[in-house]
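Comments concern the structure below.
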Amino acid sequence: MLSALPADHGLEAVLTSVLEARVTVSKVRRVFEWKGTRVHLDEVEGLGSFLEFERTAEPGSTRSAHEDLKSMLDELGAPPTPLKAGPTLTFSVNDPD
């Protein structure tokens, strides 16, 4: 579930007053749409570059979506890491160089 927040939401102050932040991640994310798939290109400070493909799969169509995502990675010459299970099929590629 996603929720859009206004710039002055104050949520960080509320969360840090009751929860301990485990990690802070500084990144720049660029999001593209390609063949019905969200493509995220992240530059993460201190960790490197990450490429993530995200597509919602209907029940019974996960195999087809999985094959499509693998094909897209092949087109870009990016090796896949293991599939993350969940409501969407997600591949991530980590390039720490």
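Every number in this text was worked out from the coordinates using simple rules, so none of it is lab data. On a predicted model such as this, the values are computed, not experimentally measured, just so you know. Cβ sites come from the backbone with ideal geometry, for glycine too, and all protein chains shown count toward neighbours.
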Using the Karplus curve 6.51 cos²θ - 1.76 cosθ + 1.60 with θ = phi - 60°, what ³J(HN,Hα) values do you get for each residue of the stretch 9-14, in whole Hz, with x for Gly and Pro?
5, x, 5, 4, 5, 5
Through the Karplus equation 6.51 cos²θ - 1.76 cosθ + 1.60, θ set to phi - 60°, convert the phi angles of the stretch 29-36 into ³J(HN,Hα) values in whole Hz; use x for Gly and Pro.
10, 10, 10, 10, 10, 8, 6, x
Mean Cβ-within-10 Å packing, highest first, puts peptides 44-53, 15-24 in the order 44-53, 15-24
